[in-house]
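Written out below as structure tokens is the structure these notes cover.
The values are calculated or read from the model by the stated rules, or taken from the named source; none is laboratory data. Just so it is clear, the model here is predicted, and its values are computed rather than measured. All Cβ positions, even for glycine, are placed from backbone atoms using ideal geometry, and neighbour counts span all protein chains on display. These accessible areas exclude ligands, DNA and RNA; they are computed on the full protein's heavy atoms, side chains included. Shrake-Rupley method; radii C 1.70, N 1.55, O 1.52, S 1.80 Å.
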Amino acid sequence: MNGFWLFMFGTTLLMPLTMIGFGRFFYKQAPKEIQSTFGYRTGRSMKSREAWEFAHNYCGKLWIVAGGIMLPVSVVLMLLVNGKDADVVGDLGSALCLIHVAIMILSIIPVEMALKRTFNENGERLK
């Protein structure tokens, strides 16, 4: 194992581990106050305390699952390029990181759809 492979291996694990960690945090408890600096912050999620908590719970579950899938996949793929040329390691590591970021960003879509199905425009739960 060389230093560059170890660096890329660690880098590719950061996002899945972050998603699992923050997913567990959000799932168990939304940030105490609706705020614009930390948490799942969208216009729809910030309409009411109930919508805020719902969004964090939903996003938390989604991130736990996504991170739980991305973590072992990343480990296996990076193990497959152990000992390969630095370009191969760098390309795979970079591609994995981009995929992780895309998955994190795209997770907004199902959360917003769930919020829209569950709450009205004022953040009140639909009956």
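Quick notes
- Subset tally (residues that are assigned to a helix (DSSP H, G or I) and surrounded by fewer than 19 Cβ atoms within 10 Å (Cβ to Cβ)) for segment 21-39: 5
- Of the criteria (1) part of a helix (DSSP H, G or I); (2) polar (S, T, N, Q); (3) surrounded by 14 or more Cβ atoms within 10 Å (Cβ to Cβ), which one S94 fails: (3)
- Being in contact (Cβ under 8 Å) with a residue 12 or more places away in the chain, open to solvent by 90 Å² or more (accessible area, probe 1.4 Å) and not in a helix (DSSP H, G or I) is a condition met by at least one residue of segment 40-52.
- When the criteria are applied in full, V76 fails the requirement of being surrounded by 13 or more Cβ atoms within 10 Å (Cβ to Cβ) and in a helix (DSSP H, G or I).
- Within this structure, K61 passes the test of being basic (K, R) and within 20 Å of the chain's Cα centre (by Cα).
- Of the residues making up segment 1-20, just one is not in a helix (DSSP H, G or I) and not hydrophobic (A, V, I, L, M, F, W, C), namely N2.
- Pairs, first farther than 17 Å from R117 by Cβ in segment 54-67, second open to solvent by 30 Å² or more (accessible area, probe 1.4 Å), C-beta under 6 Å, six or more apart: G60/Y27; I64/I20; A66/I103; G67/I20
- Test: residue in segment 53-69 that is more than 30 Å from E124 (Cα to Cα), in a helix (DSSP H, G or I), modelled with pLDDT of 95 or more and open to solvent by less than 50 Å² (accessible area, probe 1.4 Å): yes
- Check on E112, part of a helix (DSSP H, G or I), of a type in the set (D, E, K, R), farther than 20 Å from F9 by Cβ and out of contact with any strand residue (DSSP E or B) (no Cβ under 9 Å at 6 or more places or on another chain): yes
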